[in-house]
Structure formats: C-alpha cells, structure tokens
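Colleague: I have a structure here, written as structure tokens, and I will follow up with some questions on it.
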Amino acid sequence: MLDDETSARLRQPFPTLVNPHAADMQEHTDRVWIDGECAGFVPPDIAERSKKTRAAYVASYFYPMATWERLKPLARMMLFSLHQDDIYERVTPRVVRAVRERTVAVARGKATAHQAGEIHGRPTFRRLKSLAVRLPGWFNGFQSYDKDQRTGMGNLNPIKVVRRERSCSLADAREWVFRLHENDLDEFARLRRNLPDFREGHDAVENHIRHFEFVVSGRRGVDAKISRYDLGTYTDHHRLALAARVSGPGTKG
C-alpha cells in the first residue's frame, strides 16, 4: 500500500467505485476456479497465496458497472493476467514477445465492426487509450517499488529506470515520475473536455471513455484494499515458473 504522502500526491479526479458483485465474485474465483478447475496447476501454498491477490476485486474496481455475467469473464481474465504477470516477470524478452503475441491473438477474437474500427483509429481516441494505460503504470511504479527492490526486479520499475537514465537520486527520480503522472493526467482531462464529434457513435465513445476513467481510478481502490505487493502475499517467481515449466533468463524455452 502507498504511504499517505505518495497517495495524496498522485492526484485522482475520477470517482473510485467497486462492483457490488465483488465479494461474491471473489468467492467464486477462490472456490470454483483456484480450488476447482485450476487445482493442481501450481503448488498448494502458491495457490493459497494467489487468493490474496484478490483478482476479482481488481476486476471489480476496474469494471464497477459490469453485471455479474459480464464481470465473470473479466474476473477470470484478471486472474489469468496476474498469474501471467507473476510467471513471466523474470523471462527473456523473446519469451515475453511470444507470450504477448499469443495472448493478444486470443484477446482480440474476431475483427471488430467497421464503425468501431474507425472510432478506435481516431487520434484523440487512440491517445486517450494510451494515457489510460500510462496513468495506472506510473501509479503502479510507486506501488511496486519496494517489492521490485526486494525481488531484484527494480530495473523494470519506472522510478528505477528514470534514476538510471537521468543519473539522479531516488528522490529526484520519484519527482520526475510524479510529473509524468501529472502531465498525463492533465492531458487526459484536456482531451476529455475537447472530444471531437463522433456523430452517431458519440454517446458510445463517451461511455467508453468513462470506463477508461474507472480503470484509472480503480488503481487507487486496488491499492487501498488489496495487498498484492506485501511480503506475505507476493509469489515466489522461481517456484511458480518451475511449476508452469517456464524458462528463466538466459535459458532456452
């Protein structure tokens, strides 16, 4: 969890909501998926620890308006995503690229309708999507910094990257990432206020962007309620990778 000072400085103008099905979906995730369908995929202690990541709650903060039927695949995808994140944190870039290609191919499914393709291709919409990904990324850099240092993955943390690239102190690197967060948030708000006319698709675009905001604000809710990066929660990557038969850095596979 972020300290109070950092949390206060990471300005968040959007409402933080949680799906009313969160608790029931977490129970479903733990009992039906982790203890049921996925039993035996990983050692029992890692399976128990994965429950503490509370994947259904993460999905519930990101998609607070989803019905039970829509939240269910989102929660399952979130469980899969967090599991993938844990497994592949230490693998080579080549393996990451291969996993990304396979995952994106599954996620995309069939081609979208022509109108939707036109909207998603508009520069303003594309930039808003990019910012909606970048903002939680800056936030997560602060969330996971201590964990990344403990696990030897600090070089992947944006704060550490800035510190290395700019040859500056940790305090200066943190300030730089704070500014990146602020600049992106201001740009998101500016684009949001000055949307071009999407004609018959405008209401759908407005609704879609509102869900971008939920994802951005959901990161704060996740930090306040979920201890993903606590010492007693975070997964032993080496054992997890061995259980999944995933090659580590410098190996073939």
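Colleague: Can you pull out every residue in the stretch 148-176 that is touching a residue at least 12 places away in the same chain (Cβ under 8 Å) and over 16 Å from the mean Cα position of the chain (by Cα)?
Modeller: Listed by number, the residues that qualify are Arg150, Thr151, Met153, Ile159, Lys160, Val162, Ala173, Arg174, Trp176.
Colleague: A further question follows. Would you please list the contacts, defined by Cβ atoms under 6 Å and residues six or more apart or on different chains, that run from a residue in the stretch 46-75 that is on the phi > 0 side of the Ramachandran plot to a residue that is at pLDDT below 95 and open to solvent by less than 70 Å² (accessible area, probe 1.4 Å)?
Modeller: What qualifies is Arg54/Ile226.
Let's see how each residue does on (1) modelled with pLDDT of 85 or more; (2) open to solvent by 40 Å² or more (accessible area, probe 1.4 Å):
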| site | (1), (2) |
| --- | --- |
| Arg193 | yes, yes |
| Gly201 | no, no |
| Asn207 | yes, yes |
| Arg210 | yes, yes |
| Ser217 | yes, no |
| Gly221 | yes, no |
| Tyr229 | no, yes |
| Asp236 | no, yes |
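Colleague: Hey, any hits in the stretch 45-52 for a residue that's polar (S, T, N, Q) and open to solvent by less than 30 Å² (accessible area, probe 1.4 Å)? Can you show your working first?
Modeller: Narrowing the stretch 45-52 to residues polar (S, T, N, Q): 50.
Cutting the leftovers down to open to solvent by less than 30 Å² (accessible area, probe 1.4 Å) gives us none.
Within the stretch 45-52 (the criterion being polar (S, T, N, Q) and open to solvent by less than 30 Å² (accessible area, probe 1.4 Å)), the answer is no, since none of the residues qualifies.
Colleague: Could you tell me which residue of the stretch 68-79 is surrounded by the most Cβ atoms within 10 Å (Cβ to Cβ), considering only residues that are of a type in the set (A, V, I, L, M, F, W, C) and over 12 Å from the mean Cα position of the chain (by Cα)? Explain how you work it out, then say what you get.
Modeller: Of all residues in the stretch 68-79, those of a type in the set (A, V, I, L, M, F, W, C) come to 68, 71, 74-75, 77-79.
With over 12 Å from the mean Cα position of the chain (by Cα) added as a condition, the list becomes 68, 71, 74-75.
Numbers: Trp68: 13, Leu71: 25, Leu74: 19, Ala75: 28.
Looking at the filtered set, the residue picked out is Ala75.
Colleague: In this structure, is Arg166 touching a Phe, Trp or Tyr at 6+ places or on another chain (Cβ under 9 Å), open to solvent by 50 Å² or more (accessible area, probe 1.4 Å) and more than 28 Å from Arg228 (Cα to Cα)? Give the steps one after another, and end with the answer.
Modeller: Numbers: touching a Phe, Trp or Tyr at 6+ places or on another chain (Cβ under 9 Å): yes; open to solvent by 50 Å² or more (accessible area, probe 1.4 Å): yes; more than 28 Å from Arg228 (Cα to Cα): yes.
Yes.
Colleague: Of all residues in the stretch 89-100 being open to solvent by less than 50 Å² (accessible area, probe 1.4 Å) and in a helix (DSSP H, G or I), which is modelled with the lowest pLDDT? Walk me through how you get there before you give the answer.
Modeller: Just the residues of the stretch 89-100 that are open to solvent by less than 50 Å² (accessible area, probe 1.4 Å), to begin with: 89, 91-92, 95, 98-99.
Still in the running and in a helix (DSSP H, G or I): 89, 95, 98-99.
Details: Glu89: 77, Val95: 84, Ala98: 87, Val99: 83.
That would be Glu89.
The values are calculated or read from the model by the stated rules, or taken from the named source; none is laboratory data. Everything numeric in this text was worked out from a predicted model, so none of it was measured. Heads up, the Cβs are rebuilt from the backbone with ideal geometry, glycines too, and the neighbour counts pull from every protein chain shown. Heads up: the accessible areas ignore ligands, DNA and RNA and are worked out on the full protein's heavy atoms, side chains in. Shrake-Rupley method; radii C 1.70, N 1.55, O 1.52, S 1.80 Å.
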